[in-house]
Amino acid sequence: MTASAPPWAGIGVALPSIDAFARGTPVLEVARAAERAGLDHAWVPDHLVFHRPILEATTTLAVVAGATQRIRLGFAILNPILRSPTWLAKQLSTLAALAPNRLLMGVGLGGEYEPEFRAAAVDRRQRGRRLDEVLELLPRLMGGEPVEHSGLYEVACPGLEPVAPVAPPVLVGGRGDAALRRAARFGDAWLPMWLDPEQIAECRERLAALANEHGRPAPGVALVAFINICADRAAGEAEAAELIRRQYGIPFERVARWALVGPVDAIAERLAEYREAGVDGFCLSPATPRPLEQVERIAELSA
């Protein structure tokens, strides 16, 4: 990654904070291996309750920050509406202060798993409006500004300290037009998943036009994708299918076209197509019960 590249550029790995295969969550082992291998970032998903056991995202990144030195730390993606905006701002500011210039703040709606919203006492029907409200509040709260706000959230904060020396970039997740509008309004980058290069290219044009309406530069693009680098494509697809079934409760056939499965050379060619479409960086999520094995293989993609 060059000095002029955006902070989300390059290739990173999603850490196994979801115990999809009931084998534990070797988050620190994968994070340290990713840093040794020269990967650019390490990412965690965020859920309160999910189909499989999952570690809490901000706590996980805090531990990873202390166990690594250089690698950037990303949420792919954080669901801000499950938390108090003020407490979330405090947590994120603390992470940004303790790991300067390393935090990548991916945010979004966090899926449609109804038990999660019930557990957080949040009306899922309000999630879009709530997210927009939080995205308006977070920069002010994280910047140390006194905030008095009355809306879907009630905030009366005299100002949070310390303030992180550099505000983390905001990457807005989602695939639909509402996500593009949100990224154009709030995001430094757009962070979708399950899209073709052709779809990315079309959405980038729409994103640039929407950002221009707000007088903002066009956000960059990073992509989340599931990956299984393997010699036996059929075996790799079987592992990916099992992970998708366990982790999301959906058949693999619905998302198979977007999974990166096969030998390094074939996947490198596919990533080149995404780069040509305008993708700056990749969060690659190992779709296998052996995520540590994938780290060195993923590193070959940026060699």
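Evaluating Leu92 against the criteria (1) open to solvent by 60 Å² or more (accessible area, probe 1.4 Å); (2) within 19 Å of Leu160 (Cβ to Cβ); (3) in contact (Cβ under 8 Å) with a residue 40 or more places away in the chain leaves one unmet condition, (1). Return the residue satisfying two criteria in turn: it lies in region 99-131 and is among the small types (Gly, Ala, Ser) and open to solvent by 60 Å² or more (accessible area, probe 1.4 Å), and of such residues it is farthest from Asp46 (Cα to Cα). The extreme case among them is Ala121. Taken over region 66-81, residues that are of a type in the set (A, V, I, L, M, F, W, C) and over 16 Å from the mean Cα position of the chain (by Cα) amount to 1.
A quick yes/no check of all residues on (1) of a type in the set (Gly, Ala, Ser); (2) free of Cβ contacts under 8 Å to residues at least 60 places away in the same chain:
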{"site": "Arg181", "(1), (2)": "no, yes"}
{"site": "Trp190", "(1), (2)": "no, yes"}
{"site": "Ala201", "(1), (2)": "yes, no"}
{"site": "Ala234", "(1), (2)": "yes, yes"}
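For the residues Val155, Val134, the requirement of being in contact with a helix residue (DSSP H, G or I) (Cβ under 8 Å, 6 or more places away or on another chain), open to solvent by less than 20 Å² (accessible area, probe 1.4 Å) and either in a strand (DSSP E or B) or basic (Lys, Arg) (or both) singles out Val155. Among the residues that make up region 11-32, is at least one of them open to solvent by 40 Å² or more (accessible area, probe 1.4 Å), farther than 30 Å from Gly151 by Cβ, at pLDDT 95 or above and of a type in the set (Asp, Glu)? Checking region 11-32: at least one residue is open to solvent by 40 Å² or more (accessible area, probe 1.4 Å), farther than 30 Å from Gly151 by Cβ, at pLDDT 95 or above and of a type in the set (Asp, Glu).
Yes or no, residue by residue, for (1) crowded, with 21+ Cβ neighbours inside 10 Å; (2) closer than 21 Å to Leu104 by Cα:
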residue: Arg216; (1), (2): no, yes
residue: Leu223; (1), (2): yes, yes
residue: Ile229; (1), (2): yes, no
residue: Ile250; (1), (2): no, no
residue: Val255; (1), (2): no, no
residue: Trp258; (1), (2): no, no
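Residues in region 175-206 that are outside any helix (DSSP H, G or I), small (Gly, Ala, Ser) and crowded, with 22+ Cβ neighbours inside 10 Å: Gly187, Ala189. On inspection, Val49 does not qualify as assigned to a helix (DSSP H, G or I) and at pLDDT 95 or above.
The set of residues in region 271-298 being assigned to a helix (DSSP H, G or I), more than 17 Å from Pro16 (Cα to Cα) and under 20 Å from the mean Cα position of the chain (by Cα) consists of Leu271, Tyr274, Arg275.
Within region 64-79, the set of residues being closer than 28 Å to Arg118 by Cβ and either part of a helix (DSSP H, G or I) or open to solvent by less than 30 Å² (accessible area, probe 1.4 Å) (or both) comprises Gly74, Phe75, Ala76, Leu78, Asn79. One residue stands out in region 78-106 among those that are aliphatic (A, V, I, L, M) and out of contact with any helix residue (DSSP H, G or I) (no Cβ under 9 Å at 6 or more places or on another chain): the one that is modelled with the highest pLDDT, namely Leu104.
The values are calculated or read from the model by the stated rules, or taken from the named source; none is laboratory data. Small disclaimer: the values here were computed from a predicted structure and weren't measured. Don't worry about glycine lacking a Cβ; one is built from the backbone with ideal geometry, like all the others, and counts go over all protein chains shown. What goes into the accessible areas is simple: the full protein's heavy atoms, side chains included, and nothing from ligands, DNA or RNA. Shrake-Rupley method; radii C 1.70, N 1.55, O 1.52, S 1.80 Å.
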